[in-house]
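Enquirer: Here it is, the structure in full.
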Amino acid sequence: MSRDAQVGIVLVSHSGPVADSVAELARGLAAGGATAPVAAAGGTLAGGLGTSTELIAEAARSVDAGAGVAVLVDLGSAVLTVKAMLAEGDELPAGARLVDAPFVEGAVAAVVTASAGGDLDAVQAAASEAYDYRKA
Amino acid sequence: MLDADFFHRWMIAAAGLVDRDAEHLTELDSAIGDADHGSNLRRGFAAVSAALAKEPPQTPGAVLSLAGRQLISTVGGASGPLYGTLLRRTGKALGGAPAVSRADLARALGEGVAAVSQLGGAQAGDKTMLDALLPAVDALGTSFAAGRDAARAGAEATVPLRARKGRASYLGERSVGHQDPGATSAALLIAALADTAETAGGEA
């Protein structure tokens, strides 16, 4: 892994606006210097609800700097599409990994950790740990 | 033996049945899902037909792999990766053989169905496409017609079940009393297979 490359984050939602907004939120909360590359891939190519392999593959390519790509997903077809793409083997960059995490909280944790220079394992751990924070 | 042309015609027949029943599938999906199953699958199988026509693959496995890949990239909903994985994994299990037997297909389809179960985390009785596919795989060992009947019976048997996967599972008891759209479309896929075998005049 290149010493300077940061882990890329891809946010896959059933909805375009949800993915875009969560990306914006995560970038905003990670502020204080340059943040790790984040790309949103929500909705279908036509702008409807659903998921697009094209948008996901493009997002992953755009944030891949060689240090790995953490893919966070929300629900339904977003989860299944990314899993099916990873099984296919050639549509996502070699270092892409599906991270099991709550979408919003996990995205913030992942972007903060990646921006601080954490490697893919650290980003995955931080995002997954977001499940442990109980709200009531 | 079943060659690439047979599998190509199976996919075209499936596209035809999905197109014919798209509104019915969407109607079933509007009861317990998000009312897009028919239109999503129609778009997906239209893309499959177009891709196969453009560059017809030379082996049964390659036909199903190409079809699966098209479904994953064009359907947009959860049925895309599920059906895509079914066909792609079945195609992979068939390997590079230029022609396969019905028994080979039944075995390969069994691997495809297992991959769907793993991907979606569903089991028999969860009110999903598996409830049509699992009995169909068993019955295909007997004949294509038996596979079609088993898939159809499996789909109809989802009516009293409570959904345990996907959006319908949020409805809890209210999902009871509706036939599952995924099991219904899965029965169409198997019906298209039996139709193709009968048209070919082969052993049914």
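Enquirer: For A:Ala36, only one of the following conditions fails: (1) open to solvent by 10 Å² or more (accessible area, probe 1.4 Å); (2) at pLDDT 90 or above; (3) in a loop (DSSP other than H, G, I, E, B). What is its number?
Expert: (1)
Enquirer: Only residues that are open to solvent by less than 20 Å² (accessible area, probe 1.4 Å) and modelled with pLDDT of 95 or more: list them for segment B:34-46, please.
Expert: B:Leu41, B:Gly44, B:Phe45
Enquirer: Looking only at residues in segment A:47-74 that are of a type in the set (Asp, Glu) and either outside any loop (DSSP other than H, G, I, E, B) or under 13 Å from A:Leu11 (Cα atoms) (or both), which one is least open to solvent (accessible area, probe 1.4 Å)? I'd like the intermediate steps shown before the answer.
Expert: The first filter runs over segment A:47-74 and keeps only residues of a type in the set (Asp, Glu), leaving A:54, A:58, A:64, A:74.
With the extra rule that they be either outside any loop (DSSP other than H, G, I, E, B) or under 13 Å from A:Leu11 (Cα atoms) (or both), the set shrinks to A:54, A:58, A:74.
Numbers: A:Glu54: 117, A:Glu58: 94, A:Asp74: 47 Å².
Among those residues, the one meeting the criterion is A:Asp74.
Enquirer: While we're on this one: Before we move on, is B:Thr26 over 30 Å from A:Gly16 (Cα atoms) and open to solvent by 10 Å² or more (accessible area, probe 1.4 Å)?
Expert: No.
Enquirer: Taking the options A:Ser52, A:Ser115, A:Ser77, name whichever one is of a type outside the set (Val, Ile, Thr), within 14 Å of chain B (Cβ to nearest Cβ) and in contact (Cβ under 8 Å) with a residue 40 or more places away in the chain.
Expert: A:Ser77 is the lone residue from the list that is of a type outside the set (Val, Ile, Thr), within 14 Å of chain B (Cβ to nearest Cβ) and in contact (Cβ under 8 Å) with a residue 40 or more places away in the chain.
Enquirer: Okay, next question. Regarding B:Ala122, is this residue open to solvent by less than 60 Å² (accessible area, probe 1.4 Å), within 14 Å of chain A (Cβ to nearest Cβ) and over 18 Å from the mean Cα position of the chain (by Cα)?
Expert: The answer is no for B:Ala122.
Enquirer: In the list A:Val82, A:Val108, A:Val104, which residue meets the criterion of being assigned to a helix (DSSP H, G or I), in contact (Cβ under 8 Å) with a residue 60 or more places away in the chain and buried (at least 24 other Cβ atoms within 10 Å of the Cβ)?
Expert: Exactly one residue qualifies, and that residue is A:Val82.
The values are calculated or read from the model by the stated rules, or taken from the named source; none is laboratory data. As the structure is a prediction and not an experimental result, all values here were calculated from the model. All Cβ positions, even for glycine, are placed from backbone atoms using ideal geometry, and neighbour counts span all protein chains on display. When the accessible area is computed, the model is the full protein with side chains, heavy atoms only, and any ligands, DNA or RNA have been set aside. Shrake-Rupley method; radii C 1.70, N 1.55, O 1.52, S 1.80 Å.
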